[in-house]
Amino acid sequence: MRRPMVAGNWKMHGTRASVAELIKGLGNLALPSGVEVAVFPPCLYINQVIEGLQGKSVAVGAQNSAVEPMQGALTGETAPSQLVDAGCEFVLVGHSERRQFMGESDATLNRKFAAAQACGLTPVLCIGETLEEREAGKTLEVVGRQLGSIIEELGVGAFANAVIAYEPVWAIGTGLTATPQQAQDVHKAIREQLAAENTEVAKNVRLLYGGSVKAANAAELFGMPDIDGGLIGGASLNADEFGAICRAAGN
Ligand code: PGA
């Protein structure tokens, strides 16, 4: 059985004060025990969040990490080993905003994924097509390439300790959500691609959906057979809304 997961990607939002507010709100939530809940604050606030959520079963992850596992001369980057030292369990790899705006290639992401795993972090690999690619009928090709890049470089076994988030770029922060069926179709294809290499890995890996998930649409999305939870952006900045999404994953 795959344990559902709901992850909040705070992106580049927050101040010490607003993070303190959000921590307070999260601390007051009744979270379903069957759901793994994680938040991904900006790197600067990771310590604040880990300290503030002590005793609450909310895991913390980073939104990005370096291509090298260990600390060293790499100005401006954060090593996976440092994230582990800070108490992180997860790291996002290849969010579309980093692919698009920071020019992160599949080759770079392969290194980030491997470096994270080498330190014991669980990578959350984000994949998804743009609107243009969807309209050109290339969704499965694009997603298949992004996933295939890791499989080719690191082997399908890498997904025994990873999470995958399917996030159609056109649905991120736009208020446009993929329909549950559209999302399910892609999730099914992702699982089939993994199953072609290893059925155990395919059966056990969690596939999250991301892109304008909110409390009002979460239950329907999470009800699909291959959707194991969500990666939540905007709605994760509101503790009550985020809590409602977590509860939807528990039902
Ligand atoms: P959104 O973002 O929920 O604000 O659409 C999701 C994401 O980018 O992870």
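Of note:
- Scan of the stretch 213-251 for residues that are small (G, A, S), within 14 Å of the ligand (Cβ to nearest atom) and not in a helix (DSSP H, G or I), ordered by number: G229, G230, G233
- Matching residues in the stretch 197-226 - criterion: being touching a helix residue (DSSP H, G or I) at 6+ places or on another chain (Cβ under 6 Å) and of a type in the set (A, V, I, L, M): V201, A202, V205, L207, A215, A218, A219, L221, M224
- Taking the criterion of being assigned to a helix (DSSP H, G or I) and open to solvent by 30 Å² or more (accessible area, probe 1.4 Å), the residues of the stretch 45-55 that qualify are Y45, N47, Q48, I50, E51, G52.
- Qualifying residue in the stretch 147-163 (condition: within 15 Å of the ligand (Cβ to nearest atom), at pLDDT 95 or above and crowded, with 17+ Cβ neighbours inside 10 Å): yes
- Of all the listed residues (V84, V58, V35), the sole one being in contact with a Leu (Cβ under 9 Å, 6 or more places away or on another chain), open to solvent by less than 30 Å² (accessible area, probe 1.4 Å) and among the aliphatic types (A, V, I, L, M) is V58.
- Of all residues in the stretch 96-142, those being within 16 Å of V186 (Cα to Cα), within 16 Å of the ligand (Cβ to nearest atom) and loosely packed, with under 15 Cβ neighbours inside 10 Å number 1.
- When residues of the stretch 1-31 are limited to those that are within 16 Å of the ligand (Cβ to nearest atom) and open to solvent by 50 Å² or more (accessible area, probe 1.4 Å), the one farthest from V91 (Cα to Cα): H13
- A Cβ distance below 8 Å, combined with a sequence gap of six or more or placement on separate chains, defines the contacts here; from the stretch 97-117, residues that are free of Cβ contacts under 8 Å to residues at least 40 places away in the same chain reach residues that are more than 14 Å from the ligand (Cβ to nearest atom) and hydrophobic (A, V, I, L, M, F, W, C) in the pairs R99/L109.
- Sole residue being within 16 Å of the ligand (Cβ to nearest atom) and either among the hydroxyl-bearing types (S, T, Y) or under 25 Å from R98 (Cα atoms) (or both), chosen from A66, A73, A79, A38: A38
- Residues in the stretch 63-81 that are in contact with a helix residue (DSSP H, G or I) (Cβ under 8 Å, 6 or more places away or on another chain) and of a type in the set (S, T, Y) were compared, and the one that is least open to solvent (accessible area, probe 1.4 Å) is S65.
- K203 meets the stated requirement of being more than 16 Å from the ligand (Cβ to nearest atom), of a type in the set (K, R) and surrounded by fewer than 24 Cβ atoms within 10 Å (Cβ to Cβ).
- Count of the stretch 156-186 residues, restricted to those that are part of a helix (DSSP H, G or I) and in contact (Cβ under 8 Å) with a residue 24 or more places away in the chain, is 14.
The values are calculated or read from the model by the stated rules, or taken from the named source; none is laboratory data. Because the structure is predicted, anything quoted here is derived from the model rather than measured. Quick reminder, even Gly has a Cβ in these numbers, built from the backbone with ideal geometry, and neighbours come from all protein chains shown. Note: accessible area is taken over every heavy atom of the protein model, side chains too, but ligands, DNA and RNA are not part of it. Shrake-Rupley method; radii C 1.70, N 1.55, O 1.52, S 1.80 Å.
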